[in-house]
Amino acid sequence: MQARFLLGPAGSGKTFRCVAEVRAELRRAPDGPPLVFLAPKQATFQLERQLLAPGEGGEEASLAGYSRLHILSFERLAVFVFAQLGRPVPELLSEEGRVMALRALLARERSGLKIFHASARLAGFAAQLSLLLRELQRSRVGPARLLELAPRVSRAGRLEDKLHDLARLLAGYEEWLAARRAAGQSLEDANRLPDLAAEALRQATAAGRNLQLAALWLDGFAEMTPQEIALLAALAPHCGRMTLAFCLDAAPDADPAWLSPWAIVGRTFGRCREALRAWVPAVEVLPREAAPGRFAEAPELATLERALAGQNPSPSAAAPELTPHTSRLTPSPPVRLVECPHPEAEATFAAREILRHAQAGGRFRDCAVLVRSLDAYHDGLRRVFERFAIPFFLDRRESVTHHPLAELTRFALRTVAFDWRHEDWFGALKTGLAPVADEEVDALENEALRCGWQGRVWREKLWSKAPSGERKLETRNPKPEAQAPPHPLEPVRARAVPPFLAFARGLGAEAGGVNGATLVTALRGLWNDLDVERRLADWNERAVSLGLQRTAHETVWAQMNDWLANVERAFADEAVPLREWLPVLEAGLAGLTVGTVPPALDQVLVGSVDRSRNPDLQRVFVLGVNEGVFPAPPSPGPLLTEADRLELEAQGIALGANQRLQLGHERYFGYIAFTRARRQLAVTWSRADADGRERNPSPFVAAVQRALPAVSLETFSTAAWPDAVRLHELEAPLLLGDIRLPATLTGRPEFSELLARRDESRAALDQQHFSPAVAAALYGRELKTSVSALEQFLSCPFQYVAARALRTEEREEFAPDVRQKGRFQHEVMEQFHRRVTASGRRWRDLAPDEARQLVRAVGAELVPVFHDGLFNADAAARFTAATLVDQLGRLVEALIGWAAQYQFDPADVEVSFGLPGAELPPWRLELAGGRALLLRGRVDRVDLCRTPTGEALLVICDYKSSARKMDETRLASGLEIQLLAYLAALAQMPEAGVRFAADRLVPAGVFYVPLRGVAGSAATRAEAGAVTVNFQHRGRFDGAWLRVFDARGMSKGDQFKYTLTAKGGFAKRGNEALPPGELAQLLAEVEARLRATGERIFAGEAAVSPYRLKHETACERCAYQSVCRFDPWTMPFRAL
């Protein structure tokens, strides 16, 4: 066997030489013995294209095809070896399968771990453990070696305990695999495939058998694992000749210095040469001037390559002054250094330059955008390139974790495991793979949230509620004997549920749990019942029909089937409860990724420096060249620290590169990135990251400046509109009015459409009123509304329009939220009053303890039936109900305690006017033009004090969940007039006098009554039991009736807030008692405010005009912020 190392710096023609030799061999003997070309997995497709492309440098025409050449990665090489030897490839457990097996192993071994026992159950730990075990396997370190090393290492960083745990887990994993093999499975870890292939080759060599490979070429590798080197050495006796190409400008006699860009490649070269020393490999070094050279048309790039490689460094030059961004008409220099304000601006700069290149006749495939890592850049690059309509290929593996099929699988399992919980069931329905439309899912979810449907409800027929009272609901899903018709959404449920019921039956209910085979069969059955494969194919075809790129759904389908196969391989007979399956399966789903083949030939490559391979590029844009980004800081991994790795290295175990070598590797990545282009290199960095944090340029920028002092720094932010390369660049400045186009452009079709959109946007933003016709259609001549709705209008007119005129609604949920808690307490107080009056007594006739016991009894009866058992759904809901009832018991005790001084009696509760079924009519306020406001509402409690003349003093009480006072500013602005409006309405309504058997109702006061009192403080814990709860009423009342409100004759109130001076007058501060006549004046002002508000509504006012009161705004609790277009940074609040 002839062995040869082909070395050379970037651009010297190593790949060109290898491809030329392969072409020559294929032309010489198209049907000869096999040829193998080894390359990184992500480079194999590009090599195939390069091999079949037209010849260069005077070569013959391109190849029409080939049969004897195999372009392989090391993983595929191992499979190829087994095929050539006529041996079956072992059944392999993939990375995802191994993570699932390790997750199950951790659950069993957790108690025996010394240091990893606490983190063994954390999400993601199994994946990190799998990566570390893979490092150990690739370095050929087994459990015995780890246990041997454990006592010899330092205990400072607890490395001994870590090695103990790793040895235990690795041994447990190997024993688990051995048990599978003993049971008849040919199961092997996929990471051991190179070792297995190497062993098979050594056995073949020992047996005198030869694969008779004509030649092997290797190119594109900077780093190789011991496994890969061993496989290469085992394959050597079977090759006629072997050529290994490495990016090195000379053959190093020893490992290069750790900071050298050649550190990693030099180590790899040395280990390969050592492994092949029996064949005395020759070393050929291609000179930098080798033809055809990559930098023949750009000598500046050749100079930069030499400098980055450490050849002929130029003396340092002072940093040049910043120069403006070049215009589109200026020819671009070969090397550009561009500072941008943020990462998205970097993407925009690259997109503009690429589009300029294409508009000048270039091809998109001539360009590439490289970053150190795509994690922080891929979203911005995708967004910008799509906006510029640039075809591109994002060279990254996409996560499958949240693909609809993975989500369906995850949520279907959780639905069965957790008895059809809402979030799990609707998670499955929302994947788009269930037999229901999106609109039907939305309607079903809204109703489920409103009614609290969960659990067995979904497995039974849905029924509509039987007729019931206004507030009392019967059961979550009434039975047919309640004479209720089927629910309108029952057909949707009947269509959606059967596949999942069949899935639940397929899983069974064995006491010992579910084994892997049963689980896989059930999941495949669910996928078949839902016709998942056809749906995914339809999604692909729909994307193509819309002119979009074909999606990865087919690849995901194959990947998910492989995942199922791994589950079956690993756990065929292992039965565990379904809930214990969930973390194991989730560990596998979390690691699923798919890679895609470039779907088009002419597109920009967007990738990371360490992954993407494309040697034939005219223009390269290296983005994100910032300190801490590129070069990337070393990261040792979460399980072994850098100190741990250095100590292991001192013991002869090198697990990948240490931090020093990683720094050298980063220099190599910089060398590769900056030497990819044939004609132009553009290096960009940002002054701040996406969150606005300041950033510094990378040391690479200074290195380029030292190599090429004539290169000046450029700045790029936003291009001037004459420099626009796409119409969309004009959209934002045109819509904002930042630019004015010349008349020669405004008449062109593409601009006229954009200007029309600008005018429409401006008109929409300036719209403050509906037209009279629209207002009349919305409101008619009589507007039936409530005082709270008018308060909403005064808070923000648009909020009123959205809620009341357009009738947009928030989704109602079956959950004990603040509103439901309030309704429940109102219901308890209503029933309490009804029972007291039904016994012929008044509240004041009850003893405090008796009243509290009655409240508890009412609450206990309402909990099971209120809102379909909302407060009886679970222990937390029942605790909430008990707390709410206890608060009411305290309130009633306080009210009855005040009865001796408070001369009013509760006359009625939940008094409605203008509502359906109400005894009282709406309060009618006449407006101009024959229009009218018909106000309706419900009063929580009406208190009366009857006088000897037949009149009755009227008090309106409003229950609030906590203490609240009536704010003077809000009152004057109309934002807090509901209680006063109710007082005026009942006082003016003749029917109210009849209803309460009074000749006239005299307005006396309005109050907020806190349902949860304010507790006082105590100096010691012993005194805390004696602390009283304050239920003071806050509002406004007529001071002329002070002694009716408080008959104690005191100068300061406790139930009400008032203070008398020594002369008997009301104090100027701390008073809610109004002097005689002021309450009547206040009611008149409220009525006038209501009429004025009605006129504004009928006038069509709909302005987005929220108020601000100190730190409070109308937007804080508004449900319509997503549609109102109000921007607090550019639009002013209406200050009160």
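The values are calculated or read from the model by the stated rules, or taken from the named source; none is laboratory data. Note that the structure is predicted; figures quoted are calculated from it, not measured. Positions of Cβ are generated from backbone atoms using ideal geometry, with glycine treated the same way; all protein chains shown enter the neighbour counts.
Residues in the stretch 1046-1068 that are within 27 Å of LEU891 (Cβ to Cβ) and of a type in the set (Gly, Ala, Ser): 4 in all.
For the stretch 418-445, the candidate set comprises residues that are more than 28 Å from ARG579 (Cα to Cα) and in contact (Cβ under 8 Å) with a residue 12 or more places away in the chain; within that set, the residue that is surrounded by the fewest Cβ atoms within 10 Å (Cβ to Cβ) is ALA443. Note on the stretch 1025-1136: enclosed helices (runs of 4 or more DSSP H) holding 1 or more residues that are over 24 Å from GLU810 (Cβ atoms) are 1042-1045, 1078-1098. The residue list ALA207, ALA171, ALA198, ALA144 contains one member that is more than 26 Å from GLY97 (Cβ to Cβ) and small (Gly, Ala, Ser), which is ALA207. Applying the condition of being acidic (Asp, Glu) and surrounded by fewer than 19 Cβ atoms within 10 Å (Cβ to Cβ) to the stretch 615-659 and asking which residue is nearest to ALA120 (Cα to Cα) yields GLU642. Within the stretch 1097-1112, the set of residues being surrounded by fewer than 18 Cβ atoms within 10 Å (Cβ to Cβ) and not small (Gly, Ala, Ser) comprises ARG1108, LEU1109, LYS1110, HIS1111, GLU1112.
Restricting the first member to the stretch 743-768 and to residues that are not assigned by TED's automatic domain parsing to the domain that holds CYS1124 and small (Gly, Ala, Ser), and the second to residues that are at pLDDT below 70 and surrounded by 13 or more Cβ atoms within 10 Å (Cβ to Cβ), the beta-carbon pairs closer than 8 Å and six or more apart or on different chains are SER761/LEU735. In this structure, ASN515 does not qualify as under 26 Å from ASN566 (Cβ atoms), assigned by TED's automatic domain parsing to the domain that holds GLN454 and without any contact (Cβ under 8 Å) to a residue 40 or more places away in the chain.
Going residue by residue through the stretch 913-922, is there one that turns out to be more than 28 Å from THR785 (Cβ to Cβ), in contact (Cβ under 8 Å) with a residue 12 or more places away in the chain, of a type in the set (A, V, I, L, M) and assigned by TED's automatic domain parsing to the domain that holds ALA1040?
Applying the first criterion (more than 28 Å from THR785 (Cβ to Cβ)) to the stretch 913-922 yields none.
So far as the stretch 913-922 goes, no, none of its residues is more than 28 Å from THR785 (Cβ to Cβ), in contact (Cβ under 8 Å) with a residue 12 or more places away in the chain, of a type in the set (A, V, I, L, M) and assigned by TED's automatic domain parsing to the domain that holds ALA1040.
Residue count for the stretch 422-446, restricted to those that are of a type in the set (A, V, I, L, M), within 15 Å of LEU526 (Cα to Cα) and part of a helix (DSSP H, G or I): 2.
Looking at the stretch 63-163, what helices (runs of 4 or more DSSP H) fall wholly within it and have at least 1 residues that are modelled with pLDDT under 85 and under 34 Å from the mean Cα position of the chain (by Cα)? Lay out the reasoning, then the answer.
Numbers: elements: 74-85, 95-109, 125-138, 143-149.
Counting at least 1 such residues, we get 95-109, 125-138.
For the stretch 511-553, taking the residues that are assigned to a loop (DSSP other than H, G, I, E, B) and exposed (fewer than 12 other Cβ atoms within 10 Å of the Cβ), the one that is modelled with the highest pLDDT is identified as LEU546.
Looking at PHE1126, PHE1045, just one residue is over 24 Å from LYS960 (Cα atoms) and surrounded by 17 or more Cβ atoms within 10 Å (Cβ to Cβ), and that residue is PHE1126. Taking the stated definitions as given, is GLN1121 in contact with a Cys (Cβ under 8 Å, 6 or more places away or on another chain) and either assigned by TED's automatic domain parsing to the domain that holds LEU794 or of a type in the set (A, V, I, L, M) (or both)? It is true that GLN1121 is in contact with a Cys (Cβ under 8 Å, 6 or more places away or on another chain) and either assigned by TED's automatic domain parsing to the domain that holds LEU794 or of a type in the set (A, V, I, L, M) (or both). Cβ-Cβ contacts under 6 Å between residues 6 or more apart (or on different chains), taken from a first residue in the stretch 683-708 that is touching a residue at least 40 places away in the same chain (Cβ under 8 Å) to a second residue that is small (Gly, Ala, Ser), are listed as ARG695/SER686; ARG695/ALA688; PHE700/GLY670; ARG706/SER314; ARG706/SER316; ALA707/ALA307; ALA707/SER314.
Quick one: would you say ARG382 is in a helix (DSSP H, G or I) and outside the structural domain of VAL457 (by TED's automatic domain parsing)? Before you say what the answer is, go through the steps one by one.
Numbers: in a helix (DSSP H, G or I): yes; outside the structural domain of VAL457 (by TED's automatic domain parsing): yes.
Yes, satisfied.
Quick check: is even one residue across the stretch 5-12 modelled with pLDDT of 90 or more and among the aromatic types (Phe, Trp, Tyr)? Within the stretch 5-12, one or more residues are modelled with pLDDT of 90 or more and among the aromatic types (Phe, Trp, Tyr).
Given the criteria within 52 Å of the chain's Cα centre (by Cα) and either surrounded by fewer than 18 Cβ atoms within 10 Å (Cβ to Cβ) or at pLDDT below 95 (or both), does PHE1056 qualify?
Values: within 52 Å of the chain's Cα centre (by Cα): yes; either surrounded by fewer than 18 Cβ atoms within 10 Å (Cβ to Cβ) or at pLDDT below 95 (or both): yes.
So PHE1056 fits the description; yes.
Checked against (1) touching a residue at least 60 places away in the same chain (Cβ under 8 Å); (2) of a type in the set (Val, Ile, Thr); (3) assigned to a strand (DSSP E or B), THR969 meets all criteria but (3). Look at the stretch 1085-1104: where a residue is assigned by TED's automatic domain parsing to the domain that holds LEU927 and closer than 12 Å to CYS796 by Cα and a partner is loosely packed, with under 15 Cβ neighbours inside 10 Å and of a type outside the set (S, T, N, Q), sitting 6+ places away or on another chain with Cβ atoms under 6 Å, you get GLU1101/HIS769. Looking at ALA215, ALA197, ALA222, can you tell me which residue is outside the structural domain of ARG613 (by TED's automatic domain parsing) and in a helix (DSSP H, G or I)? Answer to the check: ALA197. For the stretch 178-195, the set of residues classified as more than 37 Å from the chain's Cα centre (by Cα) and surrounded by fewer than 20 Cβ atoms within 10 Å (Cβ to Cβ) consists of ALA178, ALA179, ARG181, ALA182, ALA183, GLY184, GLN185, SER186, listed by residue number.
Pick out the one residue from ALA851, ALA875, ALA882, ALA857 that is farther than 26 Å from ARG450 by Cα, surrounded by fewer than 17 Cβ atoms within 10 Å (Cβ to Cβ) and outside the structural domain of ARG941 (by TED's automatic domain parsing).
Values: ALA851 fails: surrounded by fewer than 17 Cβ atoms within 10 Å (Cβ to Cβ); ALA875 fails: farther than 26 Å from ARG450 by Cα; ALA882 fails: farther than 26 Å from ARG450 by Cα.
Criteria check complete, one pass: ALA857.
Report those helices (runs of 4 or more DSSP H) wholly inside the stretch 607-714 carrying at least 2 residues which are under 27 Å from the mean Cα position of the chain (by Cα), under 30 Å from ASP161 (Cβ atoms) and not polar (S, T, N, Q).
It comes to none.
Among residues that are surrounded by 21 or more Cβ atoms within 10 Å (Cβ to Cβ), in contact with a strand residue (DSSP E or B) (Cβ under 9 Å, 6 or more places away or on another chain) and more than 30 Å from ALA234 (Cα to Cα), ALA101 is included. Tallying residues that are in contact with a strand residue (DSSP E or B) (Cβ under 7 Å, 6 or more places away or on another chain) and surrounded by fewer than 21 Cβ atoms within 10 Å (Cβ to Cβ) within the stretch 661-700 yields 7.
Conditions (1) touching a residue at least 24 places away in the same chain (Cβ under 8 Å); (2) not aromatic (Phe, Trp, Tyr), marked per residue:
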position: PHE16; (1), (2): yes, no
position: PRO34; (1), (2): yes, yes
position: PHE37; (1), (2): yes, no
position: ALA53; (1), (2): no, yes
position: SER67; (1), (2): yes, yes
position: LEU77; (1), (2): yes, yes
